[in-house]
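Enquirer: My questions all concern the structure below.
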Amino acid sequence: MNRKGYMLFVAVSLFLAFFSACLSLAVGEVRIPLPEVANIILGKVGFPSSGAGASGVYDTILLFVRLPRTLMVFFVGSVLGVTGAVYQGLLLNPLAESYTLGVASGAALGATIAIAFNVNLVRLFAFLGGALTLLGVWALSHRSRSVDPTRLILSGVVVGSILQALMMLLQTLFPEKLGAFFFWVMGSFNSASWRWLPGCLIASCIALLFLLLHRELDIISLGEGKAETLGMNIVRMRWVLLLAASLITSVVVSYCGVIGFVGLIVPHLLRMMVGHSHGRLLFASWMGGGLMLLWTDVTARAIGSLPVGVLTALVGGPIFCLFLWKS
């Protein structure tokens, strides 16, 4: 894709983000007409509004329920999209993402442990669970001075499976808290509020900062031998980027639970459109991840408040199978 085509892609993405956000604000158990959505939003930011059909109920639903949820969904999706692209570039493996490395499962296990033992630091436990899982996976895959990407992926899959088994054990031992566990295992934004928005916003901004290291990611994608020839300390760079990506993933998982396939599907799909250069791919994945999760959340609410993680698996799984079949 040339520069002109990429700028067109960015413009279309921004328009889709605005339209999707408006649609997200309108859809729910109480349907709010799109003109009413625009009227309320314009009125709140200082623009003159018609006031026709304005409703205090609409105003409350929009500003205190749907707007924070819409923003949280987009920010979480943007983080998952970027970290998926980073993992795949660092590990030279198309299956790499936070879930195949076990980070998301570790964060979910941390949250379920806090819930099971009535600890009020659920999100802190989720964050620590994801961080500790990354350290464990790294320790398993570390040999001599380098880390074998394939070994890292295999370690993540095995550790993730063990952590999921532990979550199932907790569900069996604490059946009275099955509903709370379900939130973390399946992924949901039902608890979204302005209180949790700053954490997701900060994580999303950090994900955008990976753009500053797009050249390093391009070099690592060439292979370990080529990167060392160009004078890069690939072990240190890979460790720093993996740690940063895993920590922001743990942050967003601590707010919404486990949501799979976004970090796996979005980078693959967008490479076909913008190419393999991380300077373009990371921003495209930031936008694409937010849009995919936003559309999924709108669909989940439209058909009956389903867990978002269920729909991402139902949609993302067949799409990835199609990629495998075609290539």
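Enquirer: Within segment 1-48, take every residue that is of a type in the set (S, T, N, Q) and either open to solvent by less than 50 Å² (accessible area, probe 1.4 Å) or in contact with a strand residue (DSSP E or B) (Cβ under 9 Å, 6 or more places away or on another chain) (or both) and give me the one that is modelled with the lowest pLDDT. Write out each step before concluding.
Expert: Let us first name the residues in segment 1-48 that are of a type in the set (S, T, N, Q), namely 2, 13, 20, 24, 39.
If we keep only those that are either open to solvent by less than 50 Å² (accessible area, probe 1.4 Å) or in contact with a strand residue (DSSP E or B) (Cβ under 9 Å, 6 or more places away or on another chain) (or both) too, we end up with 13, 20, 24, 39.
Working: Ser13: 93, Ser20: 92, Ser24: 91, Asn39: 77.
Once the filter is applied, the top-ranked residue is Asn39.
Conditions tested, residue by residue: (1) touching a Gly at 6+ places or on another chain (Cβ under 9 Å); (2) within 17 Å of Ala96 (Cβ to Cβ); (3) open to solvent by less than 20 Å² (accessible area, probe 1.4 Å).
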| site | (1), (2), (3) |
| --- | --- |
| Gly223 | no, yes, yes |
| Thr229 | no, no, no |
| Val252 | yes, no, yes |
| Tyr255 | yes, no, no |
| Leu264 | yes, yes, yes |
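Enquirer: Also, I was wondering about something else. If a residue must be part of a loop (DSSP other than H, G, I, E, B) and farther than 17 Å from Met167 by Cβ, how many such residues does segment 67-99 contain?
Expert: The number of residues fulfilling the criteria is 6.
Enquirer: Output the qualifying pairs, or none if there are none: Cβ atoms under 6 angstrom, residues six or more apart or on different chains, first residue in segment 8-26 and closer than 13 Å to Ala38 by Cα, second residue at pLDDT below 90 and not in a helix (DSSP H, G or I).
Expert: Sorted first by the residue in segment 8-26, then by its partner, the pairs are Ala26/Ile32.
Enquirer: Oh, and also: Could you please tell me which pairs satisfy a Cβ distance under 7 Å, a separation of 6+ or placement on different chains, a first residue in segment 200-213 that is assigned to a helix (DSSP H, G or I), and a second residue that is among the hydroxyl-bearing types (Ser, Thr, Tyr)?
Expert: From residues that are assigned to a helix (DSSP H, G or I), the pairs are Cys200/Tyr255; Ser204/Ser78; Ala207/Ser78; Ala207/Thr83.
Enquirer: Okay, moving on. For the subset of segment 100-131 comprising residues that are part of a loop (DSSP other than H, G, I, E, B) and in contact (Cβ under 8 Å) with a residue 40 or more places away in the chain, which member is surrounded by the most Cβ atoms within 10 Å (Cβ to Cβ)? Explain how you work it out, then say what you get.
Expert: First, pick out the residues of segment 100-131 that are part of a loop (DSSP other than H, G, I, E, B): 100-102, 117-121.
Now narrow it down to the ones that are in contact (Cβ under 8 Å) with a residue 40 or more places away in the chain: 100-102.
Values: Thr100: 23, Leu101: 31, Gly102: 28.
Per the criteria, the residue is Leu101.
Enquirer: Still on this structure, I have one more. So which residues in segment 255-279 are out of contact with any Leu (no Cβ under 8 Å at 6 or more places or on another chain) and either modelled with pLDDT under 85 or not in a helix (DSSP H, G or I) (or both), if there are any at all?
Expert: Gly257, Val258, Gly260, Phe261, His276, Ser277, listed by residue number.
Enquirer: Among what's in segment 58-90 and is among the small types (Gly, Ala, Ser) and more than 14 Å from His268 (Cβ to Cβ), pick the residue that is nearest to the chain's Cα centre (by Cα).
Expert: Taking segment 58-90 and keeping what is among the small types (Gly, Ala, Ser), we get 77-78, 81, 84-85, 89.
Cutting the leftovers down to more than 14 Å from His268 (Cβ to Cβ) gives us 77-78.
On the way: Gly77: 4, Ser78: 6 Å.
Checked segment 58-90; the qualifying residue nearest to the chain's Cα centre (by Cα) is Gly77.
Enquirer: Next question. Taking the residues in segment 147-187 that are of a type in the set (Ser, Thr, Tyr) and either surrounded by 15 or more Cβ atoms within 10 Å (Cβ to Cβ) or in contact with a helix residue (DSSP H, G or I) (Cβ under 9 Å, 6 or more places away or on another chain) (or both) as candidates, determine which candidate is farthest from Asp297 (Cα to Cα). Give the derivation first.
Expert: Of segment 147-187, the ones of a type in the set (Ser, Thr, Tyr) are 150, 155, 161, 172.
Among the residues that remain, those that are also either surrounded by 15 or more Cβ atoms within 10 Å (Cβ to Cβ) or in contact with a helix residue (DSSP H, G or I) (Cβ under 9 Å, 6 or more places away or on another chain) (or both) are: 150, 155, 161.
On the way: Thr150: 33, Ser155: 31, Ser161: 26 Å.
Looking at residues that are of a type in the set (Ser, Thr, Tyr) and either surrounded by 15 or more Cβ atoms within 10 Å (Cβ to Cβ) or in contact with a helix residue (DSSP H, G or I) (Cβ under 9 Å, 6 or more places away or on another chain) (or both), I get Thr150.
The values are calculated or read from the model by the stated rules, or taken from the named source; none is laboratory data. This structure is a prediction, so every number in the text was calculated from the model and none was measured. Positions of Cβ are generated from backbone atoms using ideal geometry, with glycine treated the same way; all protein chains shown enter the neighbour counts. The accessibility values were calculated without ligands, DNA or RNA, using every heavy atom of the protein model including side chains. Shrake-Rupley method; radii C 1.70, N 1.55, O 1.52, S 1.80 Å.
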